[in-house]
Amino acid sequence: WPGYETSVMRRPRYALHWMKGGRFLYQGEVYEGPCMFLMTPEAPQWYRMTEDSPPAEQYWMLLEGDTVGEVLERAGIPAQNAVYPCPYIDRAFAVFRDLCDLSNYQHAEDHHYTLGALYRLLALHAKATLEAAEKISPLMRKILDHIHRHYAEHVSEGDLAELTSLSVNYMHRRFSREVGMPPIQYLNRYRITCAKRILRDSEVSIAQLSEMVGFPNPNYFCRVFQKFADGLSPTAYRKKHRIAKKSR
């Protein structure tokens, strides 16, 4: 309802929200439904409906576990606080209503119902992400291809604009509109995705890894890494995933 405000919480869990309508303030920006937004563990989890917001229907899920971040990323939801468009909102709400009919949180099998609903929701989001990617123009796809090939090198917005013969400002606006985030944010997110894979599969040092993924300064690399890894340092991330692997 208009003006509704959550308390500021620091949960040890992820919180995924699906909002069908309304307007709300989150991380200093105003967003409108339909959308889905992610709150990460230990980060302040807070949002407020604006005073002029129409009534909004929403559902949410709390997630925890060593592999949650990886599962979300595979569905196109990087493990960071963010808001995503939700063109599949009606189907998502149908999943939640089915779940409410099946589960009352009192029976032993309820967690199976909830897990099944979660994977149905993630499949809907992954499909929407792929469909959105298919609508990216050839010019912006050229930038994406360049980032994927040259992420380990120095890449600036000026370089990307020159690649497409567009002005820097126009390229920035168009990329943000089509891809959903600014070019350098996408570049850094891709670099950190590559770094996570290397951390899980090798013993390379953090200084070496920093250079391998395009960050000449290891300290800056660690700061960026924490932003895209729930606040974990590269060393903590490697340790966490090594422990999770041994326990499987």
Residue-span extension gain [I184 to K227] - 0.36 nm each, minus C-alpha spacing: 14.1 nm
Estimated inter-spin distance, T193 and R74, nm [label 7 Å along Cα→Cβ]: 1.5 nm
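Taking a threshold of 23 Å on the Cα-Cα distance, which of the pairs K196/K227; K196/K239; K142/K196 fall above it?
Values: K196/K227 13 Å; K196/K239 12 Å; K142/K196 25 Å.
Pairs exceeding the cut-off: K142/K196.
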Fraction of accessible area attributable to carbon and sulfur, the range 35-194 (%, probe 1.4 Å): 55 percent
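Report the relative contact order of the range 11-133, percent, no decimals, based on alpha-carbon pairs under 8 angstrom and at least 6 residues apart.
Working: 183 pairs, mean separation 32.0, N = 123.
Normalised by residue count, the contact order of the range 11-133 is 26 percent.
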Whole-Hz couplings from phi, Karplus 6.51/-1.76/1.60, listed for the range 3-10; x for Gly and Pro: x, 4, 9, 7, 6, 7, 10, 10
Hits among aspartates and glutamates - C-alpha to C-alpha of K240 under 19 Å, sequence gap 8 or more where chains match: E42, E64, D66, E70, E73, D201, E203, D230
Mean accessible surface per residue for the range 22-115, computed with a 1.4 Å probe while every protein chain stays in place, in Å²: 53 Å²
Mean Cα-pair separation over length for the range 20-79, i.e. relative contact order, pairs under 8 Å, 6 or more apart, %: 34 percent
Peptides ranked, highest mean first, by Cβ atoms within 10 Å: ranges 130-142, 159-171, 86-98: 86-98, 159-171, 130-142
Calculated FRET value between E64 and A133, using beta carbons and R₀ = 35 Å, to 0.05: 0.75
Dimensionless Rg ratio for the range 130-203, taking C-alpha atoms and the 2.2 N^0.38 Å reference: 1.15
FRET E, pair S165, D110, Förster distance 41 Å, beta-carbon r, rounded to 0.05: 0.10
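The values are calculated or read from the model by the stated rules, or taken from the named source; none is laboratory data. From a predicted model like this one, the values you see are computed outputs, not experimental measurements. Every residue, glycine as well, gets a Cβ built from its backbone with ideal geometry; the counts of neighbours run over all protein chains shown. Remember, those area values only see protein heavy atoms, side chains included, never the ligands or the DNA or RNA. Shrake-Rupley method; radii C 1.70, N 1.55, O 1.52, S 1.80 Å.
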